[in-house]
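Just below is one structure, and these are the notes that go with it.
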Amino acid sequence: MDPIAYVNGSFVPLSEAKVSILDRGFLFADGIYEVAAVLDGKLVDSASHLARLERSVGEIGLALPESVARIEELQKELIARNQLDNGMVYLQVTRGADKSRDFPFPKGVTPTLIMFVTVKDIVNAPSAKTGIGVITVPDIRWARRDIKSVALLAQVLAKQAAAAAGAGEAWMIEDGQITEGGSSSAFILTKDDVIVTRPNSNAILPGCTRKAVVALAEERQLKVEERAFTVEEALKAKEAFITSASAFVQPVVTIDGKPVGDGRVGPMATRLREIYIDFARATAV
Ligand code: PDD
């Protein structure tokens with residue numbers, strides 16, 4: 001079956017889903033995206049993703065062509081039309097297609113809104129049992145990483161380097177400290193059982209999964225410290241893990257080929273993964 005995509009008001013077969021070559025998302029990466037997980041046909045942590053979408057578009061002066069309530073309805077309809085059980089909904093909004101390639105915002109142009117789904121069994125991903133390796137790369141991104149912009153070339157290069165090295169993610173380094181993963185938030189568990197993750201700022205994307213995991217951990221009286229950490233500290237930690245809508249909580253067992261702790265998937269990452277999946281199931285809409 002040809003999957004169904006959403007493009008500017010219509011549901012169309014993916015093979016027929018098109019936008020103009022003049023679209024500013026294509027020409028300038030002038031757009032915002034969101035990725036939300038789908039579990040058992042339902043959207044995971046949807047309110048959090050939609051709140052971040054509103055914030056991101058606000059930060060670049062882009063008006064959504066539909067209300068977030070309508071966007072959630074469209075996402076649900078897309079899931080239903082694709083009979084999607086487990087995977088992700090990708091959503092992108094750009095400043096639309098103007099007649100000319102002028103840098104300033106065009107007037108009277110309707111933003112482009114597209115959505116499509118991908119199939120992925122995140123809960124049963126084998127890497128949750130084995131863990132993944134990460135490599136480190138310099139963080140060469142722009143200074144507003146808190147905006148979920150479609151300008152992802154730095155992450156494409158970082159994750160390509162990771163893939164070429166047989167690693168599952170790239171951790172980006174700035175001023176000697178880890179900012180985040182190419183498409184995930186970075187965490188460690190220290191020797192004295194403190195969960196450490198970098199605080200939100202312009203340096204990182206405010207991860208929805210990160211936010212939920214921090215709250216769920218604190219509810220369970222686990223110690224959480226929001227501060228930056230170095231690769232050296234991560235290597236000396238008991239455990240490391242990443243969080244994202246596309247992987248939930250994913251254990252990290254090596255950094256640049258060196259083991260984290262005993263080099264095996266640790267109990268905290270596994271526990272937080274289970275807690276997150278329970279939360280995701282219980283709150284999905
Ligand atoms: N990426 N940091 C970056 C740079 C990201 O791109 C992502 C998500 C995250 C985690 O955010 P969340 O928990 O809200 O998914 C952190 C998505 C999954 C992607 O680009 O595919």
Worksheet item: Which residue, GLY133, GLY87, GLY61, tops the fluctuation ranking in a GNM of the chain built on C-alpha contacts under 10 Å?
Response: GLY61
Item to complete: May I ask for the angle, rounded to the nearest 10°, between helix 68-81 and the longest principal axis of the chain, with both axes built from Cα atoms and the value confined to 0 to 90°?
Response: 90 degrees
Item to complete: Rounded to the nearest 10 degrees, what's the angle between the helix 46-59 long axis and the longest principal axis of the chain, both from Cα atoms, 0 to 90?
Response: 70 degrees
Worksheet item: Taking K and R as +1 and D and E as -1, what net charge do the other residues with C-beta under 10 Å from the C-beta of THR94 add up to?
Response: 0
Worksheet item: If you add up the charges near ALA228, with Lys and Arg at +1 and Asp and Glu at -1, over every other residue whose beta carbon is less than 11 angstrom from its beta carbon, what do you get?
Response: -4
Worksheet entry | Residue-count net charge about PRO104 - beta-carbon cut-off 15 Å; Lys, Arg +1, Asp, Glu -1 | +2
Practice prompt. First measure r as the distance between the Cβ atoms of ALA282 and LEU27, then evaluate 1/(1 + (r/R0)^6) with R0 = 30 Å and state the FRET efficiency to the nearest 0.05.
Written response: 0.10
Worksheet entry | the chain, relative contact order in percent, only Cα pairs under 8 angstrom and at least six apart counted | 19 percent
Worksheet item: Leaving out ligands, DNA and RNA, what percent of the accessible area of the chain is carbon and sulfur, probe 1.4 Å?
Response: 56 percent
Item to complete: Determine the gain in length on full extension of the stretch ALA63-ARG101; use 0.36 nm per residue of separation and subtract their C-alpha separation, reporting nm with one decimal.
Response: 11.7 nm
Worksheet entry | Candidates PRO199, PRO104, PRO259, ranked by Gaussian network fluctuation over the chain, Cα under 10 Å, top entry | PRO104
Worksheet entry | Relative contact order computed over the stretch 4-119 (Cα-Cα under 8 Å; 6+ residues apart), in percent | 37 percent
Fill in: Label-reachable residues, the stretch 108-136, where backbone N falls under 14 Å from a point 7 Å from ASN8's Cα toward its Cβ
108-115
Fill in: Cα-based reach from LYS159 at 17 Å (exclusive), listing aspartates and glutamates while leaving out same-chain residues under 8 positions away
ASP139, GLU169, GLU174, GLU180, ASP256
Discussion item. Heavy atoms of the protein only, probe of 1.4 Å, neighbouring chains included. What is the accessible area of LYS120 in Å², nearest 10?
Written reply: 80 Å²
Worksheet, complete the sentence: Heavy-atom accessible area with a 1.4 angstrom probe orders ARG144, ARG264, most exposed first, as ARG264, ARG144
Fill in: Helix 153-164 vs. the chain, principal-axis angle (Cα, 0 to 90°, nearest 10)
50 degrees
Worksheet item: Rolling a 1.4 angstrom probe over the protein heavy atoms, how many square angstrom per residue are accessible across the stretch 127-283?
Response: 43 Å²
Worksheet entry | Where a label projected 7 Å from the Cα of LYS258 along Cα→Cβ would reach, residues of the stretch 194-234 with amide N under 16 Å | 229-234
Worksheet item: Which value, in Å² rounded to 10, gives the accessible area of GLU34 with a 1.4 Å probe and all protein chains present?
Response: 10 Å²
Practice prompt. Estimate the FRET efficiency between ALA80 and GLU274 by the formula 1/(1 + (r/R0)^6), using the beta-carbon distance for r and 35 Å for R0, to the nearest 0.05.
Written response: 0.80
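The values are calculated or read from the model by the stated rules, or taken from the named source; none is laboratory data. Just so you know, these numbers come straight off a predicted model, no measurement behind them. For neighbour counting, all protein chains shown are included, and Cβ atoms are generated from backbone atoms with ideal geometry for every residue, glycine included. All accessible areas refer to the heavy atoms of the entire protein, side chains included, with ligands and DNA or RNA removed. Shrake-Rupley method; radii C 1.70, N 1.55, O 1.52, S 1.80 Å.
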